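Structure first, then comments.
The values are calculated or read from the model by the stated rules, or taken from the named source; none is laboratory data. Everything numeric in this text was worked out from a predicted model, so none of it was measured. Cβ placement follows ideal geometry from the backbone for every residue including glycine, while neighbour counts extend to all protein chains displayed. Side chains included, ligands, DNA and RNA excluded: accessible areas come from the protein's heavy atoms. Shrake-Rupley method; radii C 1.70, N 1.55, O 1.52, S 1.80 Å.
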Amino acid sequence: MSEKNNASIQIDAAPMAQSTGALLAWYDAHRRDLPWRGAGAYGVWLSEMLLQQTRVEAGRGYYLRFMQAYPNANALAAAPLDDVLKLWEGLGYYRRARSLHKAACVMRDRFGGQVPDTYEALMQLPGIGDYTAGAILSMAYNKPYPAMDGNALRVVARVCGVQQSIDAPAVRACVRALLCECMDKARPGDYNQAIMDIGAGVCVGNAPACDACPFAPHCRTRASGDFACIPKRAPKKSTPTLARWVLVLCNAKGEVWVRRRPEQGLLAGLWEFASGDLAAGETPQRAARAWLQAQGVADAKLFDYGDHKHVFTHVKWQMHIMGARIADGPALVQGQWVDASARARLTFPTAYKKACALAEEMQNI
């Protein structure tokens, strides 16, 4: 019985090692039909970038659209960033889209338009970490590297009965080493994808489908029934809430006022409507009127469109959305008026989904 030790952490690898053959047999019979499987290194890389923090079914359509628009790294590198961001619209986490484009440019300039086939080169590309590098190397190049995502961590923790938090770096290091040891060296890509499929559809939540799982005969957590406690996670930090106002302003021509966000920081380079943070005790209506008055607009009548909440990684936006229609007036600062067709070509973050719906209503009147 082998063990992996790291900073006093011990994980018994036997349950995983004893299940490798059964796991691959299960995968051969039950693998998911996903368009990026067998699509080569570019397809694997693109899918992994799209699927970070995105459900597979939601990502499938984006993958097909990206492959149609940009079938290789050179085509993606040649595309304007704004076009890439627009195609990405709705996925969120737009830094990933910027990293995707930057990495394609590096592939074009340094690697002849090809996805690198070494761990060291992959780790130098924007947006690629240990997991994505392992996925590309194993699935596209058949090299024995683990692809340790959240699904893999959960599966290993349950099969091996890991009692420590899987958020701890030492535990993650042990799991990675364990996967390296247990992986079928002839089929590393299939091994990684099999664990992903188990984590996505079998070993889920507090009610896993153990009867359908190839790990079942050796699974420590199945034997104990302690699914509610494994895997263990570090307590989540509370997420601060930021109160904001959003104003969709329309003129007599049916144009709405929009502005581009700064090129650095949250939602960098994307488009938004007039908006801002609310001071303590300030109402959204008062803040919006103050902004309008600062632009030289004194007679706008506001109407409420309701609240909308959007959760980012480190902050929540609680937004109160309003609309207003004014006659042809000042150009306003730091923004521009756009008609419906021009607005549709701009990339708005998901946080403004409800405000975009209001803009569409106002522009169609």
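Quick one: Trp26 ticks every box in (1) surrounded by 18 or more Cβ atoms within 10 Å (Cβ to Cβ); (2) within 24 Å of Gly129 (Cβ to Cβ) bar one, so which box is it?
For Trp26, the failing item is (2).
When you go through (1) closer than 17 Å to Val44 by Cα; (2) within 21 Å of the chain's Cα centre (by Cα); (3) outside any loop (DSSP other than H, G, I, E, B) one by one for Leu153, which number turns out not to apply?
(1)
How many of the residues making up the range 106-117 are assigned to a loop (DSSP other than H, G, I, E, B), touching a Phe, Trp or Tyr at 6+ places or on another chain (Cβ under 9 Å) and either free of Cβ contacts under 8 Å to residues at least 40 places away in the same chain or surrounded by fewer than 16 Cβ atoms within 10 Å (Cβ to Cβ) (or both)?
The total comes to 2.
What residue, among those in the range 319-341 that are open to solvent by 20 Å² or more (accessible area, probe 1.4 Å) and of a type in the set (Gly, Ala, Ser), is nearest to Leu85 (Cα to Cα)?
Out of the qualifying residues, it is Ser341.
Write out, first by first residue and then by second, each pair whose Cβ atoms fall under 9 Å of each other, whose residues are 6+ apart or on separate chains, and whose first residue, in the range 29-41, is over 12 Å from Tyr141 (Cα atoms) while the second is hydroxyl-bearing (Ser, Thr, Tyr).
Matching pairs, first to second residue: Leu34/Ser47; Leu34/Tyr63; Pro35/Ser47; Pro35/Tyr63; Trp36/Ser47; Trp36/Tyr63; Arg37/Ser47.
Can you confirm whether the range 144-151 contains a residue that is buried (at least 16 other Cβ atoms within 10 Å of the Cβ) and touching a residue at least 60 places away in the same chain (Cβ under 8 Å)? Don't jump to the end; show me each part of the working.
Pass one, the range 144-151, residues buried (at least 16 other Cβ atoms within 10 Å of the Cβ): 144-149, 151.
Keeping just the survivors that are touching a residue at least 60 places away in the same chain (Cβ under 8 Å) gives none.
No, every residue in the range 144-151 fails to be buried (at least 16 other Cβ atoms within 10 Å of the Cβ) and touching a residue at least 60 places away in the same chain (Cβ under 8 Å).
Being part of a helix (DSSP H, G or I), at pLDDT below 95, of a type in the set (Lys, Arg) and surrounded by fewer than 16 Cβ atoms within 10 Å (Cβ to Cβ): is that true of Arg95 here?
Working: part of a helix (DSSP H, G or I): yes; at pLDDT below 95: yes; of a type in the set (Lys, Arg): yes; surrounded by fewer than 16 Cβ atoms within 10 Å (Cβ to Cβ): yes.
Taking the combined requirement at face value, the residue satisfies it.
Every residue, every condition in (1) touching a residue at least 24 places away in the same chain (Cβ under 8 Å); (2) farther than 20 Å from Gln52 by Cβ; (3) open to solvent by less than 10 Å² (accessible area, probe 1.4 Å); (4) touching a Gly at 6+ places or on another chain (Cβ under 9 Å), yes or no:
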position	(1), (2), (3), (4)
Asp130	yes, no, no, no
Ile136	yes, no, yes, no
Arg154	yes, no, no, yes
Ala170	yes, yes, no, no
Glu181	yes, yes, no, no
Ile195	yes, no, yes, no
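Filter the range 207-227 down to residues that are of a type outside the set (A, V, I, L, M) and farther than 19 Å from Ala152 by Cβ and give me whichever is most open to solvent (accessible area, probe 1.4 Å). Spell out the reasoning first.
Start the filter on the range 207-227 by keeping residues that are of a type outside the set (A, V, I, L, M), which leaves 208, 210-211, 213-215, 217-222, 224-227.
Then drop every residue that is not farther than 19 Å from Ala152 by Cβ, which leaves 211, 217, 224-226.
Numbers: Asp211: 147, Pro217: 106, Ser224: 76, Gly225: 49, Asp226: 52 Å².
My answer is Asp211.
Could you tell me which residue of the range 51-74 is nearest to Gly134 (Cα to Cα), considering only residues that are at pLDDT below 95 and either open to solvent by less than 20 Å² (accessible area, probe 1.4 Å) or acidic (Asp, Glu) (or both)?
The qualifying residue nearest to Gly134 (Cα to Cα) is Gly59.
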